[in-house]
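Report on the following structure.
No value in this document is a laboratory result; all are computed from the given coordinates. Quick caveat, the model's predicted, so the values are computed rather than measured. No Cβ is skipped: glycine too gets one built from the backbone with ideal geometry, and neighbour counts run over all protein chains shown.
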Amino acid sequence: MKNSLKIAAIALLLSVVPLQILFAAPSPTRPGIPFEQGVTKGLPYASFNNFTGNNNISESRNGDERNLLVGKNCKQAGCSQVSWADNLTSTPLQSGDKVRFQIYYHNNGDDPYNGDAFSSPNATNVQIGVNLNQVNQTTVQAVGSIYSPTNQYRINPDDATTVIKDSSGNIIRTATDDMMLNLASTNLQLKFIPDSHYLTTRTPNNTALQTPITTANTPISLPANYTSYVTPIISNNNSHASVRFNELPGCFRFSGFVEFDAIVTEKPPVVQPPACTQSTLKAYKGSHPTAQNLVTCLDGSLHTLESTITLNNVPTGSPVSIEWTTTDQSGYFTFNGQQRSTVTQTTIYNPAAQYRIPYTGKGTVTMKVLNANGQTLLNQQTCTKSLNSCPDIPVAPICTNLQVYNTYPTGQTALSSPLKPQTLYKLHTTTTYSPTTPPNRSANYTATEGIFFPGGNVFRPIAESLLISMKSGSNYTKNIAQSAGQTFSQNNIPDGSPVYFLTLTDATPTATALTVKANSTAVLACQKSYNLTNAPCQSLNVQKNSDSFDIIGGNFGDFTGNIRVTSVCDGTTETSNYSVSQIQASGGVRINKNPNNCSLTVQATGINSGNLCQWSHTPPPEVPPICKDLVITSPSGTWEYNETDFRINVTTEPAGHASNFTYRWEGSNVDITDTTSNRLTNTVEIVNRDRNASVTVTVQGDNTQACRATKNYTPDDEEEYQNPEISKKVYDTKNRLWTDLINIGGKYNNSDRWLNASHQYVTYLATVDTGSARSIEIKENALSNQRIQSQEDTGIFNLESLVIATEGSGGRQVIYKSGNFNTSRYNDSVIFNSYKLSSFSNYDRSTSYYKDRFNCEEDTNSICIENFDEIFDDFGDGQSIKINNTRNINHIFFVYQMENNTIITDQYCQRTNINYCGETFDNTASVTGYKSSDFESRYATDQDDAQALAMCSFILTRQSGDAFFKTPLRVGIDISQCYQVENCEGPCIVEEPEKDRDIISTGSGEDDDIVLSAPTHDICKFSNTDDNIAGYKNALESFSSAICELKVSVAQDWQESTINKSISASVERLARNNTTQGPKTLSTIDQLSTIHQNGVIVIEGNLTINGSGGKYIIESKPTIPAAQTYIIKNGDLTINSNIEYSTVSELVSFVAPHTIPSAAFIVLDGDIIVSNTVTRLDGIYMALDTQEPKDTGKIRTSPNTPTYDNTLIINGSLIGDVFQLFSNRRAIGDPLRDQGAITIRYDQRLLLNTPPGLNTLLDITQLRVAR
């Protein structure tokens, strides 16, 4: 019998069970459920081992499944000879004894595989095992348990509110049972044997089978062809053994036994861990650990740290690890030649050894023994010692740095050697002290070559006047200064306070001309001496010109006096003086005396002038120069038409007198700037480049051939001029291309918002092929006052921005750009070959950058713009932009952007009397080419235009598909007003108001016999008669047709009531026994595999299409045909993505019609709601209202607001009230590309592979062409 003490809690099988757990009864405490064969039913939930009276477990369990654990001591006789028992305490276990444990498991849930109406969920992740807990030295408690996260127990099995929970309120998921075992001695232990897990189950043939469980996920075949996967577990030092089932169904036929073997062995000897018993830490000053150097604290200098340690249970010679750390961020240990803030020292243990390490720094240093023989020490704190910093001792401030600055005459600079004589300095000092700064910092100044003045403003004029006197030549020597009582020192001058220092006239070179020293210090860093140099003037640099002299400098040394200039011209003597600073500051002094008739003497005067700084000139005797040779050096070689800069080279005797002559320039077919001049350059331009030209240069008054030169120009008769050409394009933002014509919309009424944001700006591109032109002019003829007026004189385009770029031998570059130009307005599309404008060099430059480089100036041969400052204004007024020097340019690009301010608004487009296309903005760009770079000799012009059309939206049908409308649609415009394109390529039919007439009954009247047919044209009644031609264009107010437009009295088959009866009856036949209750959402065709019947999908309620990746693809699958019919009853069809037919060649073949995708969507008593983001729908879309009141059957948009961003293409047919859809879809496209706001294309694949059942709703064959 089991002991009655209860386990407090066993949470999970793998948790560690405390040693103080004693004997326990089965838990949780729960009433047993009496089992009666054929009467007791399984539980509706997973719950293990609740039944009593279970005859399968009568031995040692008395049929009570709660007594899940039994065992046997196999000893030497073998386990088969021993009976199971619930306790093994009577005979102590000896070493070598084997104990076998057995757990019975039974999920009392109802059998889910017997085919009746009752079942329970399978128990998942079921873990069954035994824990061996050492209660005392000779007693072992074996705890068996069954756990599953889906397992539960109830006081009342039929009442879920009686589920058993623990003290924390958690549902108990574990069933336990225990047994006790005694060991013969304290040195014995009981451990599980690995790979001793055995499982006894029933096979599918209902026979018992024992299976060893040694590998993970071992498959176990159970009745009902069910397979469970079992994994063995042994852990906790072989004190735990278990198996884990992935799932266990309910019922007796899935129950079984799990057995585990354990063996009694002797305990391994206990190894005592290492322990610390004693340690010391000492510090020695310096690197020598002697008694004299022993210290008790760390002062920041180098120390040798020494520790000793005593350990228990650690043999001498064992490895130990010692850690050294410091709290001083700048402190460091020296270890293996490296400086480290933390060191882990691995060494050999010896109780007599000293472990040493050098340390430099302060802070708290800690030595800690981390481990010995790889094991953490007991009493580790005993082997942790620390040393601290020494207390701080106040230190007197010591000067560490002295800086001397000069602030005269302006600015502050550090004073540096050498000093100069006759120079004024305004000095002050800045000193730095450590570790503290004294309150009063000052310095002493002493000098040997100068005098001091106090720093106040009252003394500055005195010092400056004395300096001016010295510079003017007055001597102020040391003797004079001493006699005047001038001071040669200044003491105790506070930091930052100024003192004036003036060096004297007779200052001599010395290393200590000035000494500055911080007070109360002997530190060399706080004492500075400055030397003085007084080198005499070394040389003068005088340049003789043809009509003047230039004193351009010299090597003046330290000379600061005057330079005296004496000239004698025609017997007149003049003298002037210039200071050295005056010559140096101005870059030289010009003496306007002619060297040919004036003598000149230049000489330094005053103290330290030396005898080297003098220069003289004597004029040469009067000898008239002679011209020896004259050559035209530029142009060199052949004279080209655009070369206008001429230069001559003249040889004279004596040399250098070319400017003494007057030169005469004359020629034919030329325009000469100066016909007589003494200059060696001139400008000569050819008048007519197609005729010969010549120019001759001679020395006036010299008839010798030596001083005469001629240059001839001969035109190239074979030169062919290629005309410049211009191409004008406008950007289509919808189709992302440059084209000749675009369609755009306008604004919201009374608003600054555009209906389509991409229509706010219109971008034009004019590309000029320069041909042979040397200069060109371009203009936009339609621009005036910065705007283009529409042909109707109602709306305008305002010039917003302009870019000019070039392409040629020098690459691609931008030469002008207004600040608000934006490439995103045309998607930054390429403008030339594969190049985008934004990739051109200079694209992101400022206006000043372009002007500095591309504004035409004299003597430039590179491309430039003549009227640069007025480019934007001139272009906006329709005036020409002049581009010069285009010889090396292949193309010039003019990209300009206009803001669209058309009169067309959303309110305007709602008018029903729009009788014209819209607003037309014509504009023409023209180019003029010139043979020369002066905008003369015009030889060719060219022009091109592009057009923007501001218009309302329009609707198209294509491929001769019929369109039937219950009421006239007064939306959009008649596109035939604008293009040679019709809205409808087939009949667009609208019902004429009913007139009083006789009604002739035809047909059987039975709904099931009605097949809806499209009307043939022989029932159309034409509205255009000989006297009513206007009626031809007004059948539908906003439609036109390539075949006919007409109003008809619609035949009986196309009356609304007939349509509703026909569709309703046919849909009922299609939907019979094939309805899925809604609502439902479809993202891929794969979802149809379980809800379609031969391609027919019937939804009761709402259906939403949310295609994966923005597309719902109609295609065939192994279980889904390519032709599909979707029927939605009493609900809405919401389309949030495109619906498109598959084009995958492997799936679709037009020689195998059954592979061709086709689809029909039929909504009864609901609406078709199309998202404004949808751009394409393939298939037939039909919405009908078969009930009263008539408030469904609409095809509408979501949201119910106009959209101007996306056009909609329908490849198929629409049937229903489409007024709201057609009213809200207002995007504008290119009718030549079939881009209406809504474009309907009849799709003949409906004939090749008709959606199932559709031929019972519509006569498809009559829809294929316009008849």
Can you list, largest first and rounded to whole Å, the semi-axes you get for region 422-568 by taking the square root of 5 times each eigenvalue of its Cα gyration tensor? 38, 18, 14
Cα-based Rg and Dmax for region 345-468, in Å, come out at 30.8, 90
With the calculation restricted to Cα positions, what are the radius of gyration and Dmax of the chain in angstrom? 55.6, 157
Just to be sure I understand the model, the point goes 7 Å from the Cα along the line to the Cβ. What's the resulting ASN735 to GLU685 distance in nm? 4.8 nm
In what order do MET180, MET951 fall by count of nearby beta-carbon atoms within 10 Å, going from fewest to most? MET180, MET951
Which three lengths, in whole Å and largest first, does region 33-265 cover when its Cα atoms are put on their principal axes? 58, 42, 31
For SER58, what charge total do you get from the other residues with a beta carbon under 15 Å from its beta carbon, if Lys and Arg give +1 and Asp and Glu give -1? -2
Quick check of the Kirkwood formula: for region 144-262, what is the inverse mean of 1/r over all pairs of different Cα atoms, in Å? 16.7 Å
Subtract the Cα-Cα distance of THR376 and ASN901 from 0.36 nm times their separation in residues, and report this length gain in nm to one decimal. 180.5 nm
Centre separation in Å (Cα based) which lies between region 470-517 and region 601-637: 44 Å
For the chain, what's the relative contact order in percent, using C-alpha pairs closer than 8 Å and at least 6 residues apart? 5 percent
Let's test this: bin the Cα-Cα distances of region 539-617 at 10 Å from zero up to the farthest pair and state each bin's percent. 19, 55, 24, 2
Within the chain, helix-based [θ] at 222 nm, where runs of 4 or more DSSP H residues each add -39,500 (n - 2.57), nearest 500: -1500 deg cm²/dmol
Principal axis dimensions, region 799-842 - Cα atoms, whole angstrom, descending: 31, 20, 14
Which three lengths, in whole Å and largest first, does region 626-713 cover when its Cα atoms are put on their principal axes? 43, 22, 20
Just to check, using Stokes-Einstein with a Kirkwood Rh over alpha carbon pairs, what's the diffusion coefficient of region 1097-1200 at 4 °C and 1.567 mPa s in µm²/s? 90 µm²/s
Under a plain spin-label model, where a point goes 7 Å from the Cα along Cα-to-Cβ, how far apart in nm are THR277 and GLN37? 7.5 nm
Where the only charges are on Cβ atoms (+1 Lys, Arg; -1 Asp, Glu), what is the dipole of region 626-713 about its Cα centre, to the nearest 20 debye? 140 debye
Roughly what would the spin-label model give for SER846 and VAL395, points 7 Å off Cα along C-beta, in nm? 5.3 nm
Please state the relative contact order of region 626-713 as a whole percent: Cα pairs under 8 Å, 6+ residues apart? 32 percent
For region 725-951, what is the per residue volume of the convex hull drawn over the alpha-carbon atoms, in cubic angstrom? 118 Å³
Place a +1 charge on the Cβ of each Lys and Arg in the chain and a -1 charge on the Cβ of each Asp and Glu, then give the dipole magnitude about the Cα centre in debye, rounded to the nearest 20. 7300 debye
Which one of CYS251, TYR105, ILE234 has its Cα pushed farthest toward the positive end of the charge dipole of the chain, where Lys and Arg give +1 and Asp and Glu give -1 at the Cβ? ILE234
Taking alpha-carbon centroids only, region 725-761 lies from region 1094-1111 a number of Å equal to 37 Å
Volume per residue (Å³) of the convex hull spanned by the alpha carbons of region 50-184 is 149 Å³
To two decimal places, what compactness ratio does region 198-278 give when its Cα radius of gyration is scaled by 2.2 N^0.38 Å? 1.68
Work the Kirkwood hydrodynamic radius out for region 845-941: mean of 1/r over every pair of different alpha-carbon atoms, inverted, in Å. 17.0 Å
Separation of alpha-carbon centers, region 406-452 and region 783-801, rounded to whole Å: 73 Å
Per-residue HN-Hα couplings for region 230-238 [Karplus 6.51, -1.76, 1.60; θ = phi - 60°; Hz; x = Gly/Pro]: 10, 10, x, 9, 9, 7, 6, 6, 6
Subset of LYS728/LYS817; LYS747/LYS779; LYS420/LYS471 violating a 23 Å alpha-carbon distance limit: LYS747/LYS779
When only alpha-carbon atoms are used, what values of Rg and Dmax, in angstrom, describe region 275-387? 13.6, 38
Can you list the residues of region 308-324 with backbone N under 15 Å from a point 7 Å past the Cα of PHE335, pointing along Cα to Cβ? 320-324
Around SER145, with a cut-off of 13 angstrom between Cβ atoms, what is the net charge of the other residues, counting Lys and Arg +1 and Asp and Glu -1? +1
Across all directions of projection, what mean area in square nanometres is found for the Cα convex hull of region 608-659? 7.5 nm²
Ellipsoid semi-axes in whole angstrom, largest first, where each is sqrt(5λ) of the Cα gyration tensor of region 1073-1253: 24, 21, 14
